[in-house]
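One structure is given below, encoded as structure tokens.
Laboratory data are not the source of any read-out in this text; all were calculated from the coordinates shown. None of these values were measured; they are calculated from a predicted model. Don't worry about glycine lacking a Cβ; one is built from the backbone with ideal geometry, like all the others, and counts go over all protein chains shown.
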Amino acid sequence: MKVLIVGGGGREHALAWRLSRSKKVKKLFAAPGNPGITEIGTCVDILATDIQGLARFAEEKKIDLTVVGPEVPLALGIADEFERRGLRIFGPNKNASRIEADKAFARDFMHRFGIPAPKFQIYDTIHAALKYTKTINKYPVVVKASGLAGGKGAIIVNTRKEYEKTVDELLVQHRLGEAGNTIVVEEFLIGQECSVFVLTDGIRLTYLPSSQDHKKLHDRNRGPNTGGMGAYAPYPTNRRVSNIIENVIMQPTVLSLRDQGIDYKGVLYAGLILTSLGPKVLEYNCRFGDPEAQVILPIIDGDLVDALCAVADGKLGDIEIKAKNQWSICVVLTSGGYPFDYPVGEEIQLKEKLSAKTLLFQAGTRKEDSKLVTASGRVLNVVYTHENLKIAKQKVYEEIKKIYFKGMYYRKDIGNSGMKKMKRKRRR
Ligand code: GLY
């Protein structure tokens, strides 16, 4: 089989690595890919947003399966174009991608179908958004741009003044462009975050291990929001919570989408907050999480290619994905200064060879002559898997010490919440 991966970050490197392990995959391409992916496949210079270019390439090379990493090509309708041309693609169509690309639509959908979610209001005029100020009696609240905003669309506001400034920036000054023409104002949820993933052909659901992302820059969830500083999997939930997630959130989501005439084929990612009143949906995404994919893909058994083809063909049947009895931790190494201004072009050096068990996924790198240098805020993803979470954590941080680039920064507490949970469970 020939497989094309669309995208070029750590998630796509992890997908490329996982798919390249299948005996069925004879040739792997990535567009645009990254220097890490060139070690296992061929990177082609086509942007992930160039839908026509990608479709032409897939036709020319007779690609058997295209797997889409990021949300933007999905929201632009890459699946619709591929399907129109008879090309097999893994990822929902434009209409189904609204579950992520149109947050007002997603909130309204959750409300109509009784999916547990925070209280919310939707506004598209400054007048209405400001009128609402008078009724907010508890801060913080979350103001979200309804459209895709590259991870910058959710703003936590702590005071009335901040609220008025934020809604003005979005609705009047159009700081996030069209993405902020409609906003969703939401209750701020308190609890642990949990990312849940299912593969679905629109009817059946196959669960992947769930995970916890760490979005804040600093340890103990402090500092500004980022695209994700690390993750671990599986996220340990008890039977009661798992039941709610499956029977009150995931299954009803897929079936209600179908009920609305929305044919959702791909991976459905629900970002949940486990509140004291039970799990609630913070957001839906129409793709794999980043950095969650980097921890989930190494701990699943079986041939992922079969599962992705079955989803794309709408025939998931009883394909089951078994999780290995392993923990997986990913730590994201970032450029100093990220998520604000940061330098790029810093040489990445390996002071010592990494252990054969370590996975190193490249996220924001480029080749300069023969050197590997930093090219973005999130640079490298270091992943270690082990049957013992404590050892996985110890090892991943030992491995990181072998890597150096000027300004390199990372969180030191990835996996801690899992260890605390396991300790509490043992005590019970
Ligand atoms: N882990 C956050 C995201 O992929 O959106």
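Scanning segment 270-305 for residues that are within 10 Å of the ligand (Cβ to nearest atom) and within 14 Å of residue 115 (Cα to Cα) yields 271, 283. Of all residues in segment 18-46, exactly one satisfies the criterion of being part of a helix (DSSP H, G or I), in contact (Cβ under 8 Å) with a residue 60 or more places away in the chain and out of contact with any strand residue (DSSP E or B) (no Cβ under 7 Å at 6 or more places or on another chain), namely 18.
Does residue 358 qualify as being surrounded by 12 or more Cβ atoms within 10 Å (Cβ to Cβ), at negative phi, without any contact (Cβ under 8 Å) to a residue 60 or more places away in the chain and among the polar types (S, T, N, Q)? So residue 358 fits the description; yes. The criterion of at least 3 residues that are out of contact with any helix residue (DSSP H, G or I) (no Cβ under 6 Å at 6 or more places or on another chain) and more than 19 Å from residue 211 (Cβ to Cβ) is met by the following strands (runs of 3 or more DSSP E) wholly inside segment 342-428: 365-368, 371-374.
Does residue 241 satisfy being β-branched (Val, Ile, Thr), closer than 28 Å to residue 142 by Cα and either surrounded by 19 or more Cβ atoms within 10 Å (Cβ to Cβ) or within 16 Å of the ligand (Cβ to nearest atom) (or both)? Judged against the criteria, residue 241 is not a match. Going through (1) touching a strand residue (DSSP E or B) at 6+ places or on another chain (Cβ under 9 Å); (2) of a type outside the set (S, T, N, Q); (3) closer than 30 Å to residue 131 by Cα one by one, residue 172 falls short only on (1). Restricting 186, 178 to residues that are in contact (Cβ under 8 Å) with a residue 24 or more places away in the chain and surrounded by fewer than 15 Cβ atoms within 10 Å (Cβ to Cβ) narrows the list to 178.
One residue is enough: does segment 106-116 have a residue meeting the conditions closer than 21 Å to residue 200 by Cα, surrounded by fewer than 16 Cβ atoms within 10 Å (Cβ to Cβ), away from the ligand (no atom under 16 Å from the Cβ) and not β-branched (Val, Ile, Thr)?
yes
When each of 253, 275 is tested for being polar (S, T, N, Q) and surrounded by 23 or more Cβ atoms within 10 Å (Cβ to Cβ), the lone residue that passes is 253.
Residue by residue, here is whether (1) more than 17 Å from residue 23 (Cβ to Cβ); (2) free of Cβ contacts under 8 Å to residues at least 60 places away in the same chain holds:
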site: 300; (1), (2): no, no
site: 305; (1), (2): no, no
site: 312; (1), (2): yes, no
site: 316; (1), (2): yes, no
site: 341; (1), (2): yes, yes
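Quick check on segment 299-319. Is at least one of its residues surrounded by 18 or more Cβ atoms within 10 Å (Cβ to Cβ) and touching a Gly at 6+ places or on another chain (Cβ under 6 Å)? Within segment 299-319, not a single residue is surrounded by 18 or more Cβ atoms within 10 Å (Cβ to Cβ) and touching a Gly at 6+ places or on another chain (Cβ under 6 Å). When residue 125 is tested against (1) more than 16 Å from the ligand (Cβ to nearest atom); (2) in contact (Cβ under 8 Å) with a residue 40 or more places away in the chain; (3) surrounded by 21 or more Cβ atoms within 10 Å (Cβ to Cβ), exactly one condition is not met: (3).
Yes/no per residue for (1) under 26 Å from residue 252 (Cα atoms); (2) of a type in the set (D, E, K, R):
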site: 101; (1), (2): yes, no
site: 108; (1), (2): yes, yes
site: 117; (1), (2): yes, no
site: 126; (1), (2): no, no
site: 145; (1), (2): yes, no
site: 153; (1), (2): no, no
site: 165; (1), (2): no, yes
site: 170; (1), (2): no, no
site: 178; (1), (2): no, yes
